[in-house]
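Take a look at the structure below.
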Amino acid sequence: MGAVSISKKKWRQPKRLQPTELGFFGSILTKLLHRVPAALLFLILVFLWSSSTTIISGNILHVCVSSRKLNNLYCLSAGAQPNLEIPIPLVENSSIVLRPNIKKVGGENHLVSENPIDPPPVFNPKVEDDEEVRKAVKIVEEQLRLHRSWAVNSNPPAASCDGRGIYVYDLPPRFNKDLTRQCGDMVPWIDFCKYFSNEALGEAIPELGHGWFHTHQYFLEPIFHSRVLNHPCRVHNEDEANLFYVPYYGGLDILRWHFKNVSHDVKDSLALDLVNWLRSRRAWVQNSGKDHVFVLGKISWDFRRSDNTSWGTRFLELDQMQNPVKILIERQPWHVNDIGVPHPTQFHPRSDDDIVAWQLKIIRSNRKSLVSFAGAARPAAPENIRSVLIQQCAAADSEECRFLNCSSGGCDRAKTIIELFMESEFCLQPPGDSPTRKSVFDSIVSGCIPVLFDPFTAYYQYPWHLPEDHGKYSVFIEKEEVRKMKVNVIERLSKVPVREREDMRRYIVYELLPGVVYGDPSSELEKFQDAFSITINNLLERVSRL
């Protein structure tokens, strides 16, 4: 049986978790509406209905417009603010201060933030103290070097499973399978159930070829779970294990509460239940969770709720969660046990031949355009550079730059995006709702050179899957130069020599591409390591050094 099983029975929200009354917010809204003329109110309602989705959660009004983060709806609300960027920890007397709380976990001191950040303070490029920025970045780079030191050198690694046993906890279904059964009620405007077909790869996309599926970017948890269950080094006896995998679908747990008016206690209840369940397991206790791994399909900030917002849970702020490794699509840069892995793309090869066939297709692709950008502006975030990039693209010739507007539903179909990127030399990848972008990996899979504007988009995120020398596969342009109109990005990219572009593309296609895609659950790759294999082999290497 696979990791995902869908029941046709519609899930019903327990009565005790039903949304409560709007209280103070509702009374203010009522008084306001009484003062608005009926005709004007009618026009306002028609406009909102036709151009957005409005959702009330707690005392927060969510107005949702198009965004690729959740199938073309972008919500101006707590936790989904534009330009969610990375905070710089304060530097005092040449040491990094993360406003931590030092607590004992398993007999050791660990940092537990008293005020977890969500959304975090903006990474401020205007900070006058360059030394503060330099030292903060140095901490991140030191952590990435540590992560890279855990990487397996052989490619592929030795096939033997001696000392490489993987134990998969058989969790009660409330921690994973029961969450998938809520797919129809998870987000108000999306039926997630279709994404759980084909063992959470989604529906096939035959027009793109073999191995292509409509995969949702938040489905790393069930995809990873399916692969671990089929891993040759899986063991069924805890005493034979070196690595312990906890298949908790924490991202789906969070997602189901994002737009419902429930208390913090409700949002945190399942995570706390899981921790209590693990406390009774001997394997968890004997190493204080250090040899355990959690795979979470959303960004780290979603699991680090602060006291002044309703967004997300506090799962990763719990004392018990400081020792285990957390695999995420976006890591918190100053938490050493957060490790970033690629966002799932739509390409899931089954065999080496599938990868080779796709490599040959994209290396031969006719690159009609110099630059392309698939995304949407962030009008509510003037500091975001997307609007500047869109203006520069619009001012260029169509052969120089092509813009696919995701705010009007242009990015609904994976085929549209992949074909755009396959026909482009460079793909612009500015930060969006958070620093990372799934689109970075779409561009790699398409053989398009990613152009990055923030090091936290990729360089400080994926030490196991992207090289330290980022010049091999990308172009970096400082976002402050773009924001201040000091550089025209299209003109800058046009000056990159053709030979240099070709070298970068060959490196992307032949070296990077196989390692950033997740093979399907029954994949039989021999020549290549995919993103899953790289991750699991490096995790095994890490626990071997404990």
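The values are calculated or read from the model by the stated rules, or taken from the named source; none is laboratory data. Note that the structure is predicted; figures quoted are calculated from it, not measured. Because the Cβ atoms are built from the backbone with ideal geometry, glycine has one as well, and the counts that use them run over all protein chains shown. SASA here: full protein model, heavy atoms, side chains in, ligands and nucleic acids out. Shrake-Rupley method; radii C 1.70, N 1.55, O 1.52, S 1.80 Å.
Quick notes on this one:
- In this label model, Asp412 and Val498 are separated by 4.0 nm, measuring between points 7 Å along each Cα→Cβ vector.
- Ordered from largest to smallest accessible area (heavy atoms of protein chains, 1.4 Å probe), the residues Ser533, Ser263 come out as Ser263, Ser533.
- Cα centroid separation, region 473-518 to region 201-257 (Å): 31 Å
- Distance histogram in 5 Å bins (all Cα pairs of region 432-482, percent per bin): 5, 19, 33, 30, 12, 2
- Using the Cα coordinates of region 427-546, the gyration tensor eigenvalues translate into equivalent-ellipsoid semi-axes of 29, 17, 12 Å, sorted from longest to shortest.
- Stokes-Einstein D for region 204-295, Kirkwood Rh over Cα pairs, 4 °C, 1.567 mPa s (µm²/s): 81 µm²/s
- Restricting the calculation to Cα atoms, region 319-366 yields a radius of gyration followed by a Dmax of 17.2, 53 Å.
- Each other residue within a Cβ distance under 14 Å of Lys415 adds +1 if Lys or Arg and -1 if Asp or Glu, for a net charge of -4.
- Lys438, Lys495, ranked by accessible area, largest first (probe 1.4 Å): Lys495, Lys438
- Each Cα pair under 8 Å and six or more residues apart adds its sequence gap; the mean of these over the residue count of region 130-270 is a relative contact order of 32 percent.
- Taking θ as phi - 60° and the Karplus parameters 6.51, -1.76 and 1.60, the scalar couplings of region 335-340 work out to 10, 5, 8, 8, 10, x Hz in sequence order, x denoting glycine and proline.
- A Förster distance of 35 Å, applied to the separation of the beta-carbon atoms of Ser280 and Tyr507, puts the FRET efficiency at 0.10.
- With DNA, RNA and ligands ignored, accessible area of Lys486 (1.4 Å probe; Å², nearest 10): 150 Å²
- Were the residues from Lys361 through His210 laid out at 0.36 nm apart, the gain over their Cα-Cα distance would be 53.1 nm.
- The loop-placed GluC sites (Glu not before Pro) in region 472-526, going by DSSP, that have at most 10 neighbouring Cβ atoms within 10 Å of their Cβ come out as Glu526.
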